[in-house]
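Student: Sharing a structure here in structure tokens format.
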Amino acid sequence: MTKDQSLKERKEELIANYKRNGYFKSEEIIRAFRVVPREEFIGPNPKRLAYMDRPLPIYSNQTISAPHMVAMMVSKEVLDLKIGDICLEVGGGSGYHAAVVAEIVAPTGSDKSKWGHVYTIERIEKLVNFAKENLEKTKYSDRVTVIHADGTIGLPEKAPFDKITVAAAAPEIPPPLIEQLKPGGRLVIPVGGKNYFQELKIVFKLEDGSIKSKTQCGVAFVPLIGKYGY
Ligand code: SAM
């Protein structure tokens with residue numbers, strides 16, 4: 001990455017890297033990354049940092065996750081998102097991750113009658129407003145609803161969900177999130193210590209309602225604060 005590269009060139013370089021190292025295996029996900037402008041979600045940071053592969057500080061001591069983490073969490077192997085999926089995100093932050101999920105489950109320009117929807121919960125009011133503004137200006141507010149609440153209790157009034165993604169680290173998987181998953185649905189969540197590395201867990205709710213889970217990899221997230229968090 002050089003100083004003179006345009007944002008578009010920087011984004012394409014990142015996409016090419018992700019294709020090479022296996023983060024990007026599906027065209028829908030590559031398309032979503034191309035379409036959603038991360039530079040509109042990084043708040044006070046200079047736009048030229050938008051396509052560096054690292055988390056960036058936003059407000060209230062929180063971060064927008066690194067692009068590779070979003071790429072991995074939305075991948076076929078992890079969430080297996082499909083057009084029409086009704087999704088819940090816990091930890092809305094800047095709204096970027098929610099917009100990428102929305103671009104996969106409700107692609108821009110596609111038949112709106114087939115669109116899915118993303119509900120994203122954020123506990124810090126300043127970030128709720130930040131995410132709403134970012135989603136409004138990038139035209140995702142028709143596919144993403146931002147809610148100010150404790151996401152560890154889920155969103156019973158909109159449940160059940162096809163997919164749930166949690167962007168903060170929990171001591172254990174919050175039981176309401178498992179309850180609010182549809183049979184056949186998936187939940188991805190970092191589980192582990194508050195201030196150190198955690199494991200990214202994928203939880204599968206099978207058609208008979210039974211639960212299986214597996215560990216995808218090691219990760220480092222900010223803590224999930226709330227009734228079923230820290
Ligand atoms: N997905 C975000 C993005 O795309 O910018 C980044 C999320 S940031 C790594 C984690 C977020 O989880 C923080 O904004 C934090 O305030 C939020 N959070 C922590 N505990 C929460 C809870 N119980 N309910 C909702 N949000 C929570």
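The values are calculated or read from the model by the stated rules, or taken from the named source; none is laboratory data. None of the values given here were measured: they were computed from a predicted structure. Note that we place each Cβ from the backbone using ideal geometry, even for glycine, and neighbour counts take in every protein chain shown.
Student: Could you list, in sequence order, the residues of the stretch 43-58 that are farther than 23 Å from Lys19 by Cα and within 9 Å of the ligand (Cβ to nearest atom)?
Tutor: Ile58
Student: Let me ask something else about it. Quick one: how many residues across the stretch 80-128 are without any contact (Cβ under 8 Å) to a residue 60 or more places away in the chain, surrounded by fewer than 22 Cβ atoms within 10 Å (Cβ to Cβ) and within 16 Å of the ligand (Cβ to nearest atom)?
Tutor: 2
Student: Let me ask another. Can you name every residue in the stretch 16-38 that is modelled with pLDDT of 95 or more and assigned to a loop (DSSP other than H, G, I, E, B)?
Tutor: Those that are modelled with pLDDT of 95 or more and assigned to a loop (DSSP other than H, G, I, E, B): Val36, Pro37.
Student: Within the stretch 60-78, which residues are more than 10 Å from the chain's Cα centre (by Cα), outside any helix (DSSP H, G or I) and more than 9 Å from the ligand (Cβ to nearest atom)?
Tutor: Those that are more than 10 Å from the chain's Cα centre (by Cα), outside any helix (DSSP H, G or I) and more than 9 Å from the ligand (Cβ to nearest atom): Ala66, Ser75, Lys76, Glu77, Val78.
Student: Might you let me know whether the stretch 81-89 holds any residue that is acidic (Asp, Glu), within 24 Å of Gly184 (Cα to Cα) and in contact with a His (Cβ under 8 Å, 6 or more places away or on another chain)? Write out each step before concluding.
Tutor: Step one: of the stretch 81-89, the residues acidic (Asp, Glu) are 85, 89.
When the remaining residues are screened for being within 24 Å of Gly184 (Cα to Cα), the result is 85, 89.
Of the ones still in play, those that are also in contact with a His (Cβ under 8 Å, 6 or more places away or on another chain) are 89.
Yes, the stretch 81-89 contains a residue that is acidic (Asp, Glu), within 24 Å of Gly184 (Cα to Cα) and in contact with a His (Cβ under 8 Å, 6 or more places away or on another chain).
Student: Among the residues of the stretch 199-230, write down those that are among the acidic types (Asp, Glu) and within 28 Å of Gln62 (Cα to Cα).
Tutor: Glu199
Student: Which number in (1) in contact with a Ser or Thr (Cβ under 8 Å, 6 or more places away or on another chain); (2) of a type outside the set (Val, Ile, Thr); (3) within 20 Å of Glu27 (Cα to Cα) marks the one condition that His68 misses?
Tutor: Only one criterion in (1) in contact with a Ser or Thr (Cβ under 8 Å, 6 or more places away or on another chain); (2) of a type outside the set (Val, Ile, Thr); (3) within 20 Å of Glu27 (Cα to Cα) is unmet by His68, namely (1).
Student: What's the total number of residues in the stretch 172-198 that are surrounded by 15 or more Cβ atoms within 10 Å (Cβ to Cβ) and either among the β-branched types (Val, Ile, Thr) or more than 16 Å from the ligand (Cβ to nearest atom) (or both)?
Tutor: 9
Student: Is it the case that some residue within the stretch 145-166 is more than 15 Å from the ligand (Cβ to nearest atom), free of Cβ contacts under 8 Å to residues at least 40 places away in the same chain and within 25 Å of Glu39 (Cβ to Cβ)?
Tutor: Looking for residues that are more than 15 Å from the ligand (Cβ to nearest atom), free of Cβ contacts under 8 Å to residues at least 40 places away in the same chain and within 25 Å of Glu39 (Cβ to Cβ), one finds none in the stretch 145-166, hence no.
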